[in-house]
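Encoded as structure tokens, the structure appears first; notes follow it.
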Amino acid sequence: MHDHKPKRGSGQDHYSPCRSRWLSLKGYSVLSIDLDAQSNMTYTAGAKADGATALGVLTGEIRAGDAIQKTGSGGIIPASKALAGADAFITDTGKEYRLKEALEPIRGEYDYIIIDTPPALGILTINALTACDSVIIPAQADIYSLQGIEQLAETMKPVKKYTNPDLTIEGILLTRYSPRSVLSREVAELAQQIAGKLGTKLFRATIREAVAVKEAQISQQSLYSYAPKLK
């Protein structure tokens, strides 16, 4: 997901708006897609969730290009609370390809397409994995999140076999990391071992625990706008 060609990536966290903003600041054309019914990305981007949303794109009622809203971080296809029931009504043959097919007409218009996925490993996550080229796995610096990484890796196996053989894991990104905490450092060592088993890497960069991160979310701003000097 880190070259200059149009790429699509998936990540299960609430830091996707910051990634979108950073790429926009670097001059890239960016589209964000919020597939999480919690709508955190949609909220942070200041997008409206009461019109054309990702739900309509997945059901085929709305073209992807018509669902895009313009924000300071680039374009976004917002989420809908109704996405929570996606597993119940997206059931027909070819359901895994809904998002990939919807994005084909606009793929060449963006340098990066970032897909924020829900924490559950259901049809929405499968659609994201089928559509994307690579995955960044954000994980909180705790043991339960590390267990989730292995579960996601197991979900990726049938996706790679049947719907997206070129899918790769770009790396594991630790969030809410405290460099002074012994526990965080121990978790980082475990994450490094898991990354090795999965044939990927643990990013050297981490997102540390900081009040400014939560304050930026409340202010509906990316961290780069709210606290540009934060290191």
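No lab work stands behind these numbers, since they all come straight from the coordinates. Note that the structure is predicted; figures quoted are calculated from it, not measured. Using ideal geometry, Cβ is built from the backbone for each residue, glycine included, and neighbour counts are taken over all protein chains shown.
Label positions at R107 and Q151, each projected 7 Å from the Cα along the C-beta direction, are separated by 3.0 nm. 3J(HN,Hα) couplings calculated from phi for the range 83-91 with the Karplus curve 6.51 cos²θ - 1.76 cosθ + 1.60 (θ = phi - 60°) are, in sequence order, 4, 4, x, 4, 5, 7, 10, 9, 10 Hz; Gly and Pro show x. The value of relative contact order for the chain, using C-alpha pairs under 8 Å at least six residues apart, is 24 percent. Classification of the range 25-149 by its C-alpha gyration tensor yields a rounded form. The axis ratio a/c (a ≥ b ≥ c) stays under 1.5.
Based on DSSP H runs of at least 4 residues, each adding -39500 (n - 2.57), what is the mean residue ellipticity at 222 nm of the chain after dividing by all its residues, to the nearest 500 deg cm²/dmol? Mind dumping the intermediate values first?
Details: 10 runs with 89 residues, N = 231.
Taking each H run of at least 4 residues, the total per residue is -11000 deg cm²/dmol.
Sketch the reach of a paramagnetic label on L190 as a point 7 Å from Cα along Cα-to-Cβ, and name the residues of the range 128-163 whose backbone nitrogen lies under 14 Å away. Only 139-151 fall inside the zone, counting backbone N under 14 Å.
What FRET efficiency, computed as 1/(1 + (r/R0)^6) with R0 = 45 Å and r the Cβ-Cβ distance, is obtained for R63 and R180, rounded to the nearest 0.05? About 0.35, to the nearest 0.05.
Taking 21 Å as the limit for the C-alpha separation, the pairs K95/K161; K26/K70; K157/K197; K26/K81 exceed it in the case of K26/K81.
Each Lys or Arg adds one and each Asp or Glu subtracts one; over the other residues with Cβ under 15 Å from the Cβ of G94, this totals -1.
Hey, can you rank 194-203, 166-175 by average C-beta count inside 10 Å, highest first? Each step should come with its number before you reach the end.
Details: 194-203: 15.4, 166-175: 18.3.
Descending packing order for the listed peptides: 166-175, 194-203.
Here the chain carries DSSP beta bridges of which approximately 10% are antiparallel, counting only pairs with both residues inside.
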